[in-house]
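Remarks on the structure that follows.
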Number of protein chains: 2
Amino acid sequence: MGDALRELREIIADVAALRAADAVLGWDQETYMPAGGAAARARHRAALARMAHERFTAPRVGELLDALRDREGNAPDLEDLDAQLVRRTRILYERARRLPPNLVQELAHASALAVDAWRDARQAADFRRLAPHLERLVALTIEKAEHLGYQDDIYDALLDEYEPGMTTAEVEQLFAGLKARLVPLVQAVAGAPQVDDAFLRQPFDPQQQWAFGMDVLRAIGFDLVRGRQDQSAHPFTTSFSQSDVRITTRLRADDWASGFFATLHEAGHGLHAQGIPPALDGTPLAWETSLGVSESQSRLWENVVGRSRGFWEFWLPQLAERFPQQLAGVDLDRFYRAINRVEPSFIRVEADELTYNLHIFVRFELERALVARRLEVRDLPAAWNAKMEEYLGIVPGNDAEGVLQDIHWSMGAWGYFPTYTLGNVLSVQYFAQAVREHPEIPAEIRQGRFDTLRVWTQERIHRWGAMLNAAELTRHITGGPLDSGPYVQYLEEKYREIYRL
Amino acid sequence: MGDALRELREIIADVAALRAADAVLGWDQETYMPAGGAAARARHRAALARMAHERFTAPRVGELLDALRDREGNAPDLEDLDAQLVRRTRILYERARRLPPNLVQELAHASALAVDAWRDARQAADFRRLAPHLERLVALTIEKAEHLGYQDDIYDALLDEYEPGMTTAEVEQLFAGLKARLVPLVQAVAGAPQVDDAFLRQPFDPQQQWAFGMDVLRAIGFDLVRGRQDQSAHPFTTSFSQSDVRITTRLRADDWASGFFATLHEAGHGLHAQGIPPALDGTPLAWETSLGVSESQSRLWENVVGRSRGFWEFWLPQLAERFPQQLAGVDLDRFYRAINRVEPSFIRVEADELTYNLHIFVRFELERALVARRLEVRDLPAAWNAKMEEYLGIVPGNDAEGVLQDIHWSMGAWGYFPTYTLGNVLSVQYFAQAVREHPEIPAEIRQGRFDTLRVWTQERIHRWGAMLNAAELTRHITGGPLDSGPYVQYLEEKYREIYRL
């Protein structure tokens, strides 16, 4: 059994190297790669993805997993890393075996080309440049879902990749509950006098923006010896090991908040990646599993912490030192209300905390319709605009601020969007638990101290890597099920106060 | 036969993807990787190198090459790319098959760790931090040479990797001839009044340095859509395809020339990589073969063009616009003599054109002695200093400016150094041929125009990729053998004029 485990670990190390290499190529593609590199990059990444898949799904892996069945047991202890490794590997192996290697390679190749086309199409605000790529991706995604299999809904097969253990029906139920409370709240806010955030719409020197973001990164404990920040069009986080975690942000000369909250968001993901125990590194136990849990970590820092009044008690004076002109006469209350201004808008990643979920509802419903063949790609822009009007009451002026804004579908990430709202829900549920266990956290945040919260997230969340799905982790932390109650209560209290409702 | 060729090309495409991925990881390691990433990076690169080696040396490749023996023929036409591909693949396959996969992986892993130790050791000027790594690398390198096999000299086996077709005896003969002419010339220069280059030792704003370097890169035709420049401690060139070529430079606030000539040097390599025909891309026909030929391209731009009087007729006024204070009152003659100042110095990559080769003689003789076990690693610093005194008449004050300055041995690149001097020789021999065919080139350079020269190098050198070794290419271009005559004549004329001998 020792030999089988050793051999399994060797194969996994090769797969991990191929995955890490692909991640580095992906990071480079978004940050520094010259345009001429796109075609070869697409070929190389497709080949790496296929080789990783081939190696991970080789019959030998199945034999080793069979030989290790006794070692795995039925419900392995969380401290028994070997047993956990075998269990997690078997789950991924069985899933991956359902996908033919050619399909994996075709998806990787089509996605790489689509991402380049998406960049071009978005630049030109011309959906037609992306449409043929999306059609190909919808077809390949349906093929993938059919290979993976499902009981009730083809979307279940896709969702399971990003949110294991969760069903489409559960998402629908969660979303229905949120809609019932959030839609009236958004309407109430819309009826109240609008918050003034004009001072945020001034020129902010990008170098000073960058420097402030780095100050905050250091303060919250993002380890710059084990990671770095760069710039890219679409902020993201990737990790090549728990000791090499890359986050990106974007700097806009006339919009400080956009880049700063992107930094905080990605830093939350980055802390998660840096918090994976070294013993799990380079194994499937370190590979992302529940994206809802991942998103709970980014939202925790971006919104629950970063858009709280307490956070800015400490940081507003620091920010004002860098931007004395822009922030002249702006007190904490005005600043806090400005960064939490609610307004229906076109771009998801720049949406306020409250309307953000409505953007998710739009995407969830459209991607379900596309993979169910209830909607054609060519009709997608019109359908997008109709949903935007239905949920947010506004219609994009062009496709760049509409259907072309997200990279996800071009990347082949279908079934991904609902995890964003799940992350919002979990971020508040987990923060509430942290404060229950450490009532000093809010006071510490007001003093610019983040160690208690960060260590809590590491010890209660990050340390488990991929061993628990969202429901299991939530039960492990809180003793109860996933609960949107704290999230809705948080939003209602926060925005009723801000909008004096 | 068509099927065999197709299958061979598929395998090669996978190997090319693994090599490209490794190259991206290597580029990142030198440019942006945080320190924490080193350990995992070493593991990942070692795994990629082993997988590429395993795939390339799989018995199936041998079977395919056997099946394609008729297709290859005996002396395939340069225009017959399929035959050339089979020929080149067979040569590399037969060589690679001699190395056990474990040895390849051990070398890759030991090198990655040694490079990190080297960085640390150089920083601390402490050879002991590197010594155990070098001992391991010497042992592995000897093992490698024994597997590769050789007739007269163990060093032949190593040299052949970087300079196929060339023997240690030929290098010795070439170097003996150069020593006979260059040592007296250096002595004559040393006896002449020294050139004044004090104006080069002033603060030069790094941003302006960068901008000027980019201007020249664009002017000589380095394609920034198919490549980019970044900064690293040790300038280098790497390419992920002929459409994605990365060069690096370093900027020193008090030494403009160091960074600028590094840019030109790497740009020469970069033009070479961008000049590989797309049809060869992603195959062994595009993989570097003769490093002497490669170096001829970097030296052509760095020295033969970049340190010529004619080049600065156009560029000195441009430079003076960026640095009006530093270059106030500096005329072309004074500038030209300053950038060609000859002075024995410690650091090879900053040595002047004339003494540079003496640095190579030092390294060639020491690495030969190490792999022949005539010298122990622990005695290397003393031996280094003795050779420096013998050839250059100076002794390094510490190991950072002595034996620790080069990355090559830590990278596992043994047998590499002689190709630098070979490149110097070829750069002048090839330039002389270009001017023979296009007498207008010198006048164009004086006008800041480089197309004729660049296109000539592409059409006569780059286009052949790895199809010809140094001797074959030289005969193809000049109709004759490698000849150090033009190089020695160039140096003698140039430096006798500069030093008024």
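Quick note: the coordinates plus some simple rules give every number you see, no bench work behind them. The shown structure was predicted, so the numbers you read here are calculated from the model rather than taken from an experiment. All Cβ positions, even for glycine, are placed from backbone atoms using ideal geometry, and neighbour counts span all protein chains on display.
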Checklist outcome for this item: Rounded to a whole number, the mean other protein chain Cβ count within 10 angstrom for residues of B:48-55 is 2
Checklist entry - Where in segment A:1-32 is the amide nitrogen less than 14 Å from a point lying 7 Å along the Cα-to-Cβ axis of A:GLU94? => result none
Checklist entry - Could you give the nm distance between label points at A:ASP82 and A:ASN398, where each point is 7 Å from its Cα heading toward the beta carbon? => result 6.1
Checklist entry - Roughly how crowded by other chains is peptide B:461-469, in terms of the mean Cβ count from those chains within 10 Å of each of its Cβ atoms? => result 0
Checklist entry - Other chains' Cβ within 10 Å of B:240-246 residues: what's the mean? => result 6
Next on the checklist: Using Cβ counts within 10 Å as a stand-in for footprinting exposure, how do A:ASP22, A:ASP66 rank, fewest first?
Outcome noted: A:ASP66, A:ASP22
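Quick check for me: using +1 on Lys/Arg Cβ and -1 on Asp/Glu Cβ, what's the dipole size of the protein assembly as shown about its Cα centre, in debye to the nearest 20?
Magnitude of the dipole: close to 420 debye.
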Checklist entry - To one decimal in nm, how far is A:PRO184 from the same spot in the other copies, if labels go 7 Å from Cα toward Cβ? Please give the shortest first. => result 10.2
Checklist outcome for this item: Site B:ALA372, offset 7 angstrom along Cα→Cβ, radius 11 Å on amide nitrogen, limited to segment B:163-191, gives B:169
Checklist entry - In a shell of Cβ-Cβ distance under 12 Å around B:ASN398, excluding B:ASN398 itself, what net charge do Lys and Arg (+1) and Asp and Glu (-1) give? => result -2
Checklist entry - Remind me, what semi-axes does the protein assembly as shown give for its equivalent ellipsoid, largest first in whole Å, using sqrt of 5 times each Cα gyration tensor eigenvalue? => result 54, 34, 27
Item to check | Long-range amide H partners of B:GLN231 with built H, under 5 Å | outcome: B:THR249
Checklist outcome for this item: Fewest to most Cβ atoms within 10 Å: A:ASP333, B:ASP116 sort as A:ASP333, B:ASP116
Checklist entry - What spacing in nm lies between the two simple spin-label points modelled at B:ALA176 and A:ALA35, each 7 Å away from Cα in the Cβ direction? => result 5.6
Checklist entry - R0 = 30 Å: FRET efficiency of B:LEU5 with B:VAL435, Cβ-based, nearest 0.05? => result 0.15
Checklist entry - Using a simple charge model, +1 on the beta-carbon of Lys and Arg, -1 on the beta-carbon of Asp and Glu, nothing else, what dipole does segment B:375-501 show about its Cα centre, in debye to the nearest 20? => result 460
Item to check | Cα-based reach from A:LYS387 at 13 Å (exclusive), listing aspartates and glutamates while leaving out same-chain residues under 8 positions away | outcome: A:GLU365, A:GLU367, A:ASP379
Next on the checklist: Looking only at chain A, where both bridge partners belong to it, what percent of the DSSP beta bridges are antiparallel (to the nearest 5)?
Outcome noted: 50
Checklist outcome for this item: Filtered hits (aspartates and glutamates, Cα-Cα < 16 Å from B:LYS494, offset >= 8 within chain) -> B:GLU302, B:ASP333, B:GLU343, B:ASP352, B:GLU353
Checklist entry - Given the protein assembly as shown, what percent of its DSSP beta bridges are antiparallel, to the nearest 5? => result 50
Item to check | Value at 222 nm in deg cm²/dmol, rounded to 500, when DSSP H runs of n ≥ 4 in chain A each add -39,500 (n - 2.57) | outcome: -20000 deg cm²/dmol
Checklist entry - Between A:ALA169 and the same site in the other copies, what are the distances in nm, shortest first, taking label points 7 Å from Cα along the C-beta direction? => result 8.4
Checklist entry - Relative contact order for chain B using alpha-carbon pairs under 8 Å, separation at least 6, rounded to a whole percent? => result 19
Next on the checklist: Suppose we take every Cα in chain B and form the convex hull; what volume per residue is that in Å³?
Outcome noted: 141
Checklist entry - Hey, got a sec? Which GluC sites (Glu not before Pro) in segment B:352-385 land in a DSSP loop and have at most 14 other Cβ atoms within 10 Å? => result B:GLU376
Next on the checklist: What's the ranking of B:408-419, B:277-288 by average number of surrounding C-beta atoms within 10 Å, highest first?
Outcome noted: B:408-419, B:277-288
Item to check | Electrostatic dipole magnitude of segment B:169-498 [Cβ: Lys, Arg +1; Asp, Glu -1; Cα centre; debye, to 20] | outcome: 280
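By count of other Cβ within 10 Å, fewest leading, how are A:SER258, B:SER298, A:SER296 ordered?
A:SER258, B:SER298, A:SER296
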Checklist entry - Residues with amide H under 5 Å of A:ASP255's amide H, sequence separation 5 or more or different chain, H placed in the peptide plane at 1.01 Å from N; which? => result A:PHE204
Next on the checklist: Quick test of the membrane-span-like rule: which DSSP H helices of chain B reach at least 30 Å along their long axis (C-alpha atoms) with mean Kyte hydropathy at least -1.0?
Outcome noted: B:2-31, B:101-124, B:168-191
Checklist outcome for this item: Taking the dipole of chain A about the Cα centre (Lys, Arg +1; Asp, Glu -1; charges at Cβ), the one of A:VAL104, A:VAL425, A:GLN202 that reaches farthest to the positive side is A:GLN202
Checklist entry - Among B:PRO59, B:LEU78, B:GLY2, whose Cα lies farthest out toward the positive end of the dipole of segment B:2-98, if unit charges sit on the beta carbon of Lys, Arg (+1) and Asp, Glu (-1)? => result B:PRO59
